[in-house]
Amino acid sequence: MKTLIEIKQLKKVYDSGEVQVEALRGIDLTIPQGDFVAIMGASGSGKSTLMNILGCLDTPTSGDYILDGVEVKKMNRNELAEFRNQKLGFVFQSFNLLTRTSVLDNVMLPLLYNKGIPESERVERCHKAIEMLGLTSRIKHYSNQLSGGQQQRVAIARSLVGNPLVILADEPTGNLDTATSNEVMKIFQDLNAKGITIVLVTHEPDIAAFAKRKVVFKDGHIISDEITTQN
């Protein structure tokens with residue numbers, strides 16, 4: 001199976017004046033294409049730092065991050081932005097939708113930065129993603145007219161329109177009730193079954209159980225990496 005993400009001896013040190021904080025202490029991690037990984041750990045364990053580096057939103061102090069065969073640190077800012085837009089989709093705990101904006105326009109947002117896609121294809125991709133997430137009847141609704149679960153479905157649809165290799169989901173069920181959380185996680189399982197690689201951060205064991213694999217962080221180290229029994 002093709003290796004999609006490879007992390008080698010990754011370190012991240014934050015310098016806050018007199019104190020240096022080692023958020024990541026030389027971790028190694030390999031994620032093959034098609035994997036579904038839940039990253040767990042207490043606050044301050046390093047999991048969010050890793051997600052920011054995986055999302056090309058932050059850079060490591062040392063070590064290597066190779067995504068789809070490309071060494072990320074060798075790219076400049078513009079190359080990195082384009083690479084991120086092509087390879088990655090993002091889903092956040094707080095949905096990060098524009099409130100008085102339609103479902104269609106929210107889903108369209110990532111494609112506005114990709115000038116290589118004709119407008120007709122952009123619209124087609126958006127409609128396809130919205131249909132896949134069961135939101136066609138809501139396509140003209142503003143996001144603030146939707147329930148929390150529907151808003152997260154919009155966020156997932158938005159993460160899909162760029163045809164990403166990886167979806168990075170940061171506490172995607174943190175603002176949802178249990179039943180809605182389970183619905184959202186089943187959507188992620190369905191997307192993973194279609195071949196999309198998913199990496200999510202969660203502090204909830206019942207949510208992590210939906211993944212194929214659970215990686216646990218503590219004090220900047222990976223302390224366990226195990227296959228899960230999926231729900």
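Does residue 187 meet the test of being crowded, with 16+ Cβ neighbours inside 10 Å, in contact (Cβ under 8 Å) with a residue 40 or more places away in the chain, among the β-branched types (Val, Ile, Thr) and outside any helix (DSSP H, G or I)?
no
Only one of 174, 162 is touching a Gly at 6+ places or on another chain (Cβ under 7 Å) and of a type in the set (Gly, Ala, Ser); which?
162
Conditions: (1) crowded, with 22+ Cβ neighbours inside 10 Å; (2) part of a helix (DSSP H, G or I); (3) not charged (D, E, K, R). Residue 173 meets all but one. Number of the miss?
Among (1) crowded, with 22+ Cβ neighbours inside 10 Å; (2) part of a helix (DSSP H, G or I); (3) not charged (D, E, K, R), residue 173 violates only (2).
Specify which of the listed residues (90, 95) is in contact with a strand residue (DSSP E or B) (Cβ under 6 Å, 6 or more places away or on another chain), buried (at least 17 other Cβ atoms within 10 Å of the Cβ) and closer than 28 Å to residue 51 by Cα.
90
Taking residue 143 as the residue in question, decide whether it is touching a Gly at 6+ places or on another chain (Cβ under 7 Å), touching a residue at least 12 places away in the same chain (Cβ under 8 Å) and within 21 Å of residue 176 (Cα to Cα).
Answer is no for this residue.
If the requirement is being at pLDDT below 95 and part of a helix (DSSP H, G or I), which of these qualifies: 137, 181?
Selected residue: 181, the only one of 137, 181 that is at pLDDT below 95 and part of a helix (DSSP H, G or I).
When both residues are 6+ apart or on different chains and their Cβ atoms are under 9 Å apart, which pairs have a first residue that lies in segment 78-99 and is in contact (Cβ under 8 Å) with a residue 24 or more places away in the chain and in a helix (DSSP H, G or I), and a second that is of a type in the set (Val, Ile, Thr) and buried (at least 17 other Cβ atoms within 10 Å of the Cβ)?
Between residues of segment 78-99 that are in contact (Cβ under 8 Å) with a residue 24 or more places away in the chain and in a helix (DSSP H, G or I) and residues that are of a type in the set (Val, Ile, Thr) and buried (at least 17 other Cβ atoms within 10 Å of the Cβ), the close pairs are 80/72; 83/72; 87/166.
Mind counting the residues in segment 45-77 that are in contact with a strand residue (DSSP E or B) (Cβ under 8 Å, 6 or more places away or on another chain) and not in a strand (DSSP E or B)?
Total satisfying the criteria: 17.
What number of residues within segment 144-165 satisfy the criterion of being out of contact with any strand residue (DSSP E or B) (no Cβ under 8 Å at 6 or more places or on another chain) and either on the phi > 0 side of the Ramachandran plot or of a type in the set (Ser, Thr, Tyr) (or both)?
The number of residues fulfilling the criteria is 2.
Does segment 120-130 contain at least one residue that is at pLDDT below 90, closer than 26 Å to residue 152 by Cβ and within 21 Å of the chain's Cα centre (by Cα)?
Checking segment 120-130: not a single residue is at pLDDT below 90, closer than 26 Å to residue 152 by Cβ and within 21 Å of the chain's Cα centre (by Cα).
The values are calculated or read from the model by the stated rules, or taken from the named source; none is laboratory data. Remember, predicted model here, so these are calculated numbers, not experimental data. As a convention, Cβ positions derive from the backbone with ideal geometry for all residues, glycine included, and neighbour counts pool all protein chains shown.
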